[in-house]
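Chemist: I'd like to ask you about the structure that follows.
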Amino acid sequence: MRETNAYASLPATSPSFLDRLTVYPRGQALPESFAHMDWNKERRVWIRPSCPGTGPCDAIVADLDGDGRPEVAILGSAPTFAQVFREGADGVWSQAGSFQMPYQCPAVLEALRQGHFEVRPPALRWNEIQIGGVKLHVREMNDLEAPLLCPK
């Protein structure tokens, strides 16, 4: 059966998925290993890279964790959310995290596209709570209540 939902994501292995990605900052390219990754091996479909809708999506290529290797952030055509992918030591890419974008804020999107941003170590006030292999993270109340605002 063919999927007809306009908001459905294209499979990451589909050639049209890669064709719909615009890579930023200009002059960057997707890492070869990302472009040739067989995402069908990832059984958790919800953490495969996706480009919802029918429009283009952005791929921001940058070292976001300070390890000297590029990560890939995928943002949809109405960017409110980004998936962040990292390559493991075994050469396999996986979703490492995500971030929320301020609502209707073209300035932040354009800064990401141009590479006009800094990455900084997290300023965590709270220690992690670890129980066995489970880590719990305390989020400040203002982080939960305050929406992301567009810079002026």
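Chemist: Applying the selection to the stretch 82-109, what residues are open to solvent by 30 Å² or more (accessible area, probe 1.4 Å), among the aromatic types (Phe, Trp, Tyr) and touching a Ser or Thr at 6+ places or on another chain (Cβ under 9 Å)?
Modeler: Residue satisfying the conditions is TYR103 alone.
Chemist: Still on this structure, please answer the following. Regarding the stretch 24-42, can at least one residue be identified that is closer than 25 Å to ALA111 by Cβ, open to solvent by less than 40 Å² (accessible area, probe 1.4 Å) and at pLDDT below 90?
Modeler: No; the residues of the stretch 24-42 include none that is closer than 25 Å to ALA111 by Cβ, open to solvent by less than 40 Å² (accessible area, probe 1.4 Å) and at pLDDT below 90.
Chemist: Determine, yes or no, whether PRO79 is within 12 Å of the chain's Cα centre (by Cα) and in a loop (DSSP other than H, G, I, E, B). Full working, then the answer.
Modeler: Values: within 12 Å of the chain's Cα centre (by Cα): yes; in a loop (DSSP other than H, G, I, E, B): yes.
In short, yes.
Chemist: Could you tell me which of the residues ARG69, ARG120 is of a type outside the set (A, V, I, L, M, F, W, C), farther than 26 Å from ARG44 by Cβ and open to solvent by 30 Å² or more (accessible area, probe 1.4 Å)?
Modeler: Among ARG69, ARG120, only ARG120 is of a type outside the set (A, V, I, L, M, F, W, C), farther than 26 Å from ARG44 by Cβ and open to solvent by 30 Å² or more (accessible area, probe 1.4 Å).
Chemist: Look through the stretch 44-63, keep the residues that are open to solvent by less than 60 Å² (accessible area, probe 1.4 Å), outside any strand (DSSP E or B) and touching a Lys or Arg at 6+ places or on another chain (Cβ under 9 Å), and return whichever of them is nearest to VAL119 (Cα to Cα).
Modeler: Ranking the qualifying residues of the stretch 44-63, first place goes to ASP63.
The values are calculated or read from the model by the stated rules, or taken from the named source; none is laboratory data. Computed from a prediction, not measured in an experiment: that's the story for all the values here. Every residue, glycine as well, gets a Cβ built from its backbone with ideal geometry; the counts of neighbours run over all protein chains shown. Ligands, DNA and RNA are excluded from the accessible area calculation, which covers all protein heavy atoms including side chains. Shrake-Rupley method; radii C 1.70, N 1.55, O 1.52, S 1.80 Å.
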